[in-house]
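What follows is calculated from the coordinates using simple rules that are stated; it is not laboratory data. Keep in mind it's a predicted model, so treat the numbers as computed, not measured. A quick note on method: Cβ atoms are made from the backbone with ideal geometry, for glycine too, and the neighbour counts reach across all protein chains shown.
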Amino acid sequence: MTQHDAVEVIIAKRDGGELSDGQIDWVIDAYTKGVVADEQMASLAMAILLNGMNRREIARWTEAMIASGERMDFSGLSRPTADKHSTGGVGDKITLPLAPLVAACGVAVPQLSGRGLGHTGGTLDKLESIPGWRAALSNTEMFDQLESVGAVICAAGDQLAPADKKLYALRDVTGTVEAIPLIASSIMSKKIAEGTGALVLDVKVGTGAFMKDVARARELAETMVALGKDAGVHTVALLTDMSTPLGLAAGNAVEVAESVEVLSGGGPADVVELTLALAREMLAGAGRDAVDPADRLADGSAMDVWKAMIRAQDGDPDAALPVARESHVVTAPSTGVLTRLDAMAVGLAAWRLGAGRARKEDPVQAGAGVVWHARPGDQVREGEPLFTLLSDDETRFTRALASLQGGYDIGAPGTTYEPGALVIDRVS
Ligand code: URA
């Protein structure tokens, strides 16, 4: 590999230039090995945030991050593979019912997940509320479980795109998370290295998402779809609404409980709708679209896979889920129609109650979270419960209540409410 100099690479991007393939390969490799210092990479990340990267640069940056670690290979499995990635939202428990559902339709789901940071929850944190469940699997355990059960949700090992792990932590503390080239390459390096055959991206748009407007979400989706296709992964993206939180619960155990309701054939309509829309895309991407996933929810086979998936990772799917020690009910201040429920307000409240973490080493509370008793469009009555706040620590209620202030509107009785689309657009 040709040697470069970190300052030369930073200045090239600072002055609005294009980075060469050699510069990109060198800077990612040297940063992973500690030769390029954090402050130099932070400066380069800021230059990328301000000046952008073209498609060739983003593709090369992604390849260099993949090459910093190992690539998994599931081509030896007896069934095709498909995975889903969400850019993160509030109440977004969709992976939990989706992975076993798609597996029940004959497509293996290798889902390498992360923990939550900030107001969006992490899939592993949710599953860890199930007694005994273990997130860390070896590659052999993962392969065996994919063959026997069909679905795995586990922690990404240290060898999966290690350059991204280091860079993501740095971006988090240097105001450089929001750069589309950096988000797209971060997500896609992990998904391509994971070795899935098909990928469906759930790009969230709205107050509770990274991307607050549709134009930026579409740009992110188009960038990621192009990266996936270039790498030979069948990739499509759905832009979905995250101005309202999904379902009726945000937290850890409370989201597992809601996912189990969906797998039992019930659950909130929006969670079911999005689970089915993503399942159909995953099945189509894997070439198995003759199966209707709605049938697999109704006949209990998705639930059977869920139980097998939890047991295979030492969890007890029938054990009672943890319950928070304290609860606090917020009642509706007036009678009428709930016309707005803000995803960010609910996400922050759940986070402040202990469901999420401020620093990556912080523990989370399994029982903490927010349950809301009405969704936009529902009638509410003065004095009846609107939210239930859950935490092991009652001193957290005051700040959680502050984040819900201004986070919802109640219109006069009879107000008409026009729901927006949950699936806003599709990019392929
Ligand atoms: N999720 C990721 O994995 N990376 C980002 O940069 C943003 C969200």
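In the range 8-52, taking the dipole from charged Cβ atoms about the Cα centre, the farthest positive-side position among 42, 24, 10 is held by 42.
Of the GluC sites (Glu not before Pro) found in the range 352-428, those in coil by DSSP whose Cβ has at most 10 other Cβ atoms within 10 Å are 361.
The trypsin sites (Lys or Arg not before Pro) of the range 327-428 that DSSP puts in a loop, and whose beta carbon has at most 16 other beta carbons within 10 Å, are 359, 360, 381.
Within a straight-line Cα-Cα reach of under 18 Å, residue 204 can be paired with the following lysines, leaving aside sequence neighbours fewer than 8 residues apart in one chain: 84, 93, 191, 212. Relative to the dominant Cα principal axis of the chain, helix 162-172 is inclined by about 60°. Relative to the dominant Cα principal axis of the chain, helix 21-32 is inclined by about 60°.
Under 10 Å, Cα contacts only: if you run a Gaussian network model on the chain, which one of 319, 59, 277 comes out with the highest mean-square fluctuation? Of 319, 59, 277, the Gaussian network model singles out 319 as fluctuating most. In plain terms, if you count all Cα to Cα distances in the range 263-318 and split them into 5 Å steps from zero, the share in each step is 4, 19, 21, 23, 20, 10, 2 percent.
Dimensions of the chain along the principal axes, based on C-alpha atoms and rounded to the nearest Å, stand at 69, 47, 38, largest first. Converting phi to 3J(HN,Hα) with the Karplus coefficients 6.51, -1.76 and 1.60 and the offset θ = phi - 60°, the range 318-332 yields 9, 6, 5, 7, x, 10, 4, 5, 10, 9, 9, 9, 9, 9, 5 Hz in sequence order, with x at every glycine or proline. Using the Cβ-Cβ distance between residue 295 and residue 144 with R0 set to 35 Å, the FRET efficiency from 1/(1 + (r/R0)^6) comes to roughly 0.80.
Under 5 Å from the amide H of residue 386 lie the amide H atoms of 330, 331, 332, each residue being 5 or more positions distant or on a separate chain, with H modelled from the backbone and absent for Pro and chain starts. Compute the helix-to-body angle for 214-230: its Cα long axis versus the longest principal axis of the chain, expressed 0 to 90° and rounded to tens. Its long axis makes an angle of about 50 degrees.
Summed over qualifying helices (DSSP H, 4 residues or more, each -39500 (n - 2.57)) and divided by its residue number, the chain shows a 222 nm mean residue ellipticity of -12500 deg cm²/dmol.
If the chain linking residue 8 and residue 55 were pulled fully straight, counting 0.36 nm for each residue of separation and taking away their Cα-Cα distance, it would gain 14.8 nm. Computed over the chain with a Gaussian network model linking Cα atoms closer than 10 Å, the most mobile of 332, 161, 198 is 332.
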